[in-house]
Amino acid sequence: MQKRALITGITGQDGAYLAEFLLEKGYEVHGIKRRTSLFNTDRIDHIYKDQHEDDVKFFLHYGDMTDSTNLIRIIQQVQPDEIYNLAAQSHVQVSFDTPEYTANADALGTLRILEAIRILGLEKKTKFYQASTSELYGLVQETPQKETTPFYPRSPYAAAKLYAYWITVNYREAYGMYACNGILFNHESPLRGETFVTRKITRAVARIKLGMQNKLYLGNLDAKRDWGFAKDYVEAMWLILQQEQAEDFVIATGQTTKVRDFVELAFQEIGIEILWQGSGVEEKGIDKATGKVLVEVDPRYFRPTEVELLLGDPSKAKVKLGWEPKTTLDELVSMMVREDLKSAERDVLCEKNGFEVRQYNE
Ligand code: NDP
Ligand code: GDR
């Protein structure tokens, strides 16, 4: 029988890849999107069909994680076999500026969905996936980090996700629900939001190459992240919901890389070798061939409390889910720079023809 999935956060990076993945598996896919004043469906437009056509398998519903009445109504209407809760205010630095909203959407939003399942009596029908995060480890207590490593959140975002993690565990234990946490380490792609560090770097590299930007300003160059490819990671989300027992899993590559090394890899893609000069806020990344300063540190991007090192141990996922990452960091960087070069080329064409292009570079 055809399964029905409901994805919150369908317009985000992971929502788009997961929707594609589930449609390929033959699912009927429903997604919740927010009402915005401009279209926010760029990442899923290619899978959206006019609802009047035959054999439509992909549906969008207006909704918001802060509105329980709306979540209950959508879940009642869809009667999903699986819910993937990906919606969140997902930017760590922004969570310091909007801590209450972040807690509302990310922590209480998760509770609202779990309660909706319970209120509607769907505990035995609907499986629940929670998008948990390596940010839970924060000030790390053990390296590499695995399912049993203690948490120490370092941001309003991580503290909100901590609540979401535990309320998921609690509903599993209290009500026998099939509810799981995927503790996913950073995963990136050409669809990554432009203000996360990897995409900010690859986009800047492409724009510098085409003469549309002079410099890239970054914060902490020494932070280390375990970066994987988002498309590989959505498969793990699905696998987590296909097990006999509901359990929590770390999903990671098992490799960690400094932001500065990611910068070097991205510039290598366009044939530029970066040399580093100075230290701390004075540090600069210089083009070895021309001596031009291409990277500078801007303390605006420093966080009040930083997560310095993340390195995941995905052994449990390998053994129990048979999951392993397929894409290397080099392949990921190359793919992201290539895609950003294409969009920078489009921007150049637009500018040449008198159309304004977005200059926002945060
Ligand atoms: P994105 O920021 O790309 O997407 C977040 C999605 O949530 C968007 O669709 C956004 O809508 C939606 N959203 C935000 N607030 C609300 C709200 N109040 N009501 C309804 N929808 C809302 O995140 P990712 O795709 O990268 O991440 C998916 C999930 O996984 C998030 O929960 C994130 O915290 C978590 N995570 C991500 C990791 C990563 O490395 N990418 C690692 C570990 C966990 P809109 O498009 O309108 O903004
Ligand atoms: P993160 O991702 O905080 O790990 O959260 P992000 O890419 O924002 O930062 C990674 C590291 O890079 C450092 N950094 C910068 N970050 C940004 N955004 N902009 C900069 O200019 C910059 N310079 C240096 C940061 O300080 C940090 O150490 C992501 C999100 O997707 C979360 O939702 C998810 O839970 C975690 O990954 C796992």
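Tabulated values for the structure
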{"read-out": "Which numbered condition TRP166 misses (of (1) within 18 Å of GLN130 (Cα to Cα); (2) touching a strand residue (DSSP E or B) at 6+ places or on another chain (Cβ under 8 Å))", "value": "(2)"}
{"read-out": "Residue check for LEU309: within 16 Å of ligand 2 (Cβ to nearest atom) and buried (at least 19 other Cβ atoms within 10 Å of the Cβ)", "value": "no"}
{"read-out": "Output for segment 79-106, where each listed residue is within 14 Å of ligand 2 (Cβ to nearest atom) and touching a Leu at 6+ places or on another chain (Cβ under 8 Å)", "value": "LEU86"}
{"read-out": "Answer from GLU82, GLU142, GLU123, GLU147 - the residue that is of a type outside the set (S, T, N, Q) and within 30 Å of PHE302 (Cβ to Cβ)", "value": "GLU142"}
{"read-out": "Filter pass, LEU221 being over 25 Å from ILE44 (Cβ atoms), out of contact with any Ser or Thr (no Cβ under 8 Å at 6 or more places or on another chain) and surrounded by fewer than 21 Cβ atoms within 10 Å (Cβ to Cβ)", "value": "yes"}
{"read-out": "Subset tally (residues that are part of a strand (DSSP E or B) and under 30 Å from the mean Cα position of the chain (by Cα)) for segment 287-307", "value": "4"}
{"read-out": "Among residues of segment 337-362, those that are farther than 29 Å from ARG300 by Cβ, polar (S, T, N, Q) and surrounded by 10 or more Cβ atoms within 10 Å (Cβ to Cβ), counted", "value": "0"}
{"read-out": "Unique residue being of a type in the set (Val, Ile, Thr) and either without any contact (Cβ under 8 Å) to a residue 60 or more places away in the chain or under 23 Å from GLN130 (Cα atoms) (or both) when the list is ILE240, ILE270", "value": "ILE240"}
{"read-out": "Residue within segment 224-244 that is near ligand 2 (Cβ under 9 Å from one of its atoms), out of contact with any strand residue (DSSP E or B) (no Cβ under 6 Å at 6 or more places or on another chain) and either at pLDDT 95 or above or acidic (Asp, Glu) (or both) present", "value": "yes"}
{"read-out": "Index of the failed condition, TYR233 passing every other in (1) near ligand 1 (Cβ under 10 Å from one of its atoms); (2) surrounded by fewer than 17 Cβ atoms within 10 Å (Cβ to Cβ); (3) among the aromatic types (Phe, Trp, Tyr); (4) more than 30 Å from VAL357 (Cα to Cα)", "value": "(2)"}
{"read-out": "Test set (1) without any contact (Cβ under 8 Å) to a residue 40 or more places away in the chain; (2) touching an Asp or Glu at 6+ places or on another chain (Cβ under 8 Å) - GLY121 fails condition number", "value": "(2)"}
{"read-out": "Residue that is surrounded by the most Cβ atoms within 10 Å (Cβ to Cβ) [pool: residues in segment 312-326 that are touching a Ser or Thr at 6+ places or on another chain (Cβ under 9 Å) and of a type outside the set (D, E, K, R)]", "value": "GLY312"}
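The values are calculated or read from the model by the stated rules, or taken from the named source; none is laboratory data. A quick note: this is a predicted structure, and the numbers were derived from the prediction, not measured. Note that each Cβ is placed from the backbone with ideal geometry, even for glycine, and that neighbours are counted across all protein chains shown.
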